[in-house]
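The values are calculated or read from the model by the stated rules, or taken from the named source; none is laboratory data. Here the structure is a predicted model, which means the values were calculated and not measured. Neighbour counts run over all protein chains shown; Cβ positions are idealised from the backbone, glycine included. These area figures cover heavy atoms from the full protein model, side chains too; ligands, DNA and RNA do not enter into them. Shrake-Rupley method; radii C 1.70, N 1.55, O 1.52, S 1.80 Å.
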Amino acid sequence: AQLNVELLHRHAQTSDEALELIKGITNEYDAVFMLPDSIVNRQLSELISRTNALGIPVSGTSSTQAEGGATMSYGIVHGKVGAQAAPIADKILQGADPATVPIQEGAFFLVVNLAATKRMGIPISEENIKRADVVLRQDKL
């Protein structure tokens, strides 16, 4: 099945470039997906402000993005990743050879920001709310 989706890749190497890209977002965009990038994440409030004004949903790969106003994220929850990494670090600090410590894959979580979806007028079914690992009923906006 063809989805008829056109991907527009935008790259920023500095905060100023990120702000210029954000200012260039128009209502011709259907959605914005944020990759995990500290330069863009520093401009999250500007991105959310701009996309909210245009009625464009934003999604990303980190719960921090959803907490900051994105409609949803699928990826890591920073606190849970830290909790997962702590025992590994402890083993190494206790003298274990890092080469012998088992590799663990980070857990991914679906976070739905109901405050943002409500602002955007995006209906979310109860079935999809139940599928979410984390449901935010308030965000930082």
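Look at GLY106 and say whether it is modelled with pLDDT of 95 or more, among the small types (Gly, Ala, Ser) and part of a loop (DSSP other than H, G, I, E, B).
On the way: modelled with pLDDT of 95 or more: no; among the small types (Gly, Ala, Ser): yes; part of a loop (DSSP other than H, G, I, E, B): yes.
Against the criterion (modelled with pLDDT of 95 or more, among the small types (Gly, Ala, Ser) and part of a loop (DSSP other than H, G, I, E, B)), GLY106 does not qualify.
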- Message: Just to be sure before I move on: is ILE92 without any contact (Cβ under 8 Å) to a residue 12 or more places away in the chain, touching a helix residue (DSSP H, G or I) at 6+ places or on another chain (Cβ under 7 Å), of a type outside the set (Lys, Arg) and farther than 18 Å from PHE33 by Cβ in the structure I sent?
- Response: yes
- Among the residues of segment 93-112, how many are open to solvent by 100 Å² or more (accessible area, probe 1.4 Å) and over 30 Å from ILE129 (Cβ atoms)? 3
- Note on the structure: If we keep only residues of segment 48-69 that are open to solvent by less than 10 Å² (accessible area, probe 1.4 Å) and of a type in the set (A, V, I, L, M, F, W, C), then the residue nearest to SER15 (Cα to Cα) is ILE48
- Given the conditions (1) within 14 Å of the chain's Cα centre (by Cα); (2) closer than 30 Å to ASN27 by Cα; (3) surrounded by fewer than 13 Cβ atoms within 10 Å (Cβ to Cβ), and given that ILE76 satisfies all but one, which numbered condition is not satisfied? (3)
